[in-house]
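Please read the structure below before turning to the comments.
The values are calculated or read from the model by the stated rules, or taken from the named source; none is laboratory data. No experiment lies behind these values; they were computed from the predicted model shown. Positions of Cβ are backbone-derived with ideal geometry, glycine not excepted, and every protein chain shown enters the neighbour counts.
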Amino acid sequence: MKIGDKAPDFTLPNVDGTKIALGDLLGKNKAVAVIFSCNHCPYVRGWEDRMIAIQADYAGKGVQLIAVNANDPVKYPEDSFEAMKQRHASEGFNFLYVRDESQEVARAYAAERTPEVFLLDNTGTLRYHGKIDDNYEDAGAVKAHYLRDALDAVLAGKTPPVAQTEPQGCTIKWK
């Protein structure tokens with residue numbers, strides 16, 4: 001996907017047992033951040049608290065984060081749907097966490113990394129793609145808040161100051 005492209009729709013199972021449809025999220029929110037994620041990746045773990053903080057800070061502004069786990073659970077059992085449910089509960093995730101068992105959604109988005117952000121406006125148009133910020137290891141050392149800056153711009157009806165960054169993280173574990 002390129003900036004300005006329409007995002008492929010999907011419906012995936014959430015850890016709470018419901019089905020989540022991207023189209024429904026777009027209809028209820030001003031922006032949706034689709035973040036390819038997983039349980040085991042140290043980059044994801046480094047950014048998880050910031051994902052929670054972003055969801056908390058922006059939920060009232062009409063923003064929804066949805067983490068999509070497409071990793072192969074046979075090769076990586078810690079990324080199974082049951083393990084996702086446990087991690088969601090133990091870490092207190094306030095964002096949606098869905099399973100892409102077939103890996104079709106990850107392929108449709110051409111996602112390669114965890115975490116990898118695809119920020120969509122309310123029409124499903126890709127407005128930002130890349131990483132959450134410039135330092136997964138140390139939240140206190142962050143100098144560039146890419147996702148927050150992109151969210152602020154989209155919510156203001158403007159173009160994000162940086163629309164693309166190189167995703168940083170583990171590779172998606174393909175079947």
Search result, residues across region 23-42 that are within 15 Å of residue 136 (Cβ to Cβ) and buried (at least 18 other Cβ atoms within 10 Å of the Cβ):
35, 36, 37, 38, 41
Within region 87-110, residues being closer than 19 Å to residue 52 by Cα, surrounded by 14 or more Cβ atoms within 10 Å (Cβ to Cβ) and polar (S, T, N, Q) number 1
So for region 126-142 (the condition being touching a residue at least 40 places away in the same chain (Cβ under 8 Å), among the acidic types (Asp, Glu) and in contact with a strand residue (DSSP E or B) (Cβ under 6 Å, 6 or more places away or on another chain)), does at least one residue qualify?
no
Residue 121 versus (1) among the acidic types (Asp, Glu); (2) touching a Phe, Trp or Tyr at 6+ places or on another chain (Cβ under 9 Å); (3) within 18 Å of residue 57 (Cα to Cα): which is the lone unmet condition?
(2)
Whichever residue in region 1-22 is in contact with a strand residue (DSSP E or B) (Cβ under 8 Å, 6 or more places away or on another chain) and of a type in the set (Gly, Ala, Ser) and, among such residues, is surrounded by the most Cβ atoms within 10 Å (Cβ to Cβ):
7
Of the listed residues (162, 154), the one being over 14 Å from residue 54 (Cα atoms) and touching a Leu at 6+ places or on another chain (Cβ under 7 Å) is 154
If I ask for residues that are of a type in the set (Val, Ile, Thr), touching a residue at least 12 places away in the same chain (Cβ under 8 Å) and not in a strand (DSSP E or B), which ones from region 1-41 would you list?
3, 15
Of all residues in region 43-77 being of a type in the set (Asp, Glu) and surrounded by 14 or more Cβ atoms within 10 Å (Cβ to Cβ), which is nearest to the chain's Cα centre (by Cα)?
48
Out of the residues in region 111-129 that are surrounded by fewer than 24 Cβ atoms within 10 Å (Cβ to Cβ) and over 14 Å from residue 3 (Cβ atoms), state the one that is nearest to the chain's Cα centre (by Cα).
113
With respect to residue 132, is the statement that it is at pLDDT 95 or above and surrounded by fewer than 21 Cβ atoms within 10 Å (Cβ to Cβ) true?
no
Kindly indicate whether residue 150 is outside any helix (DSSP H, G or I), among the hydrophobic types (A, V, I, L, M, F, W, C) and under 22 Å from residue 161 (Cβ atoms).
no
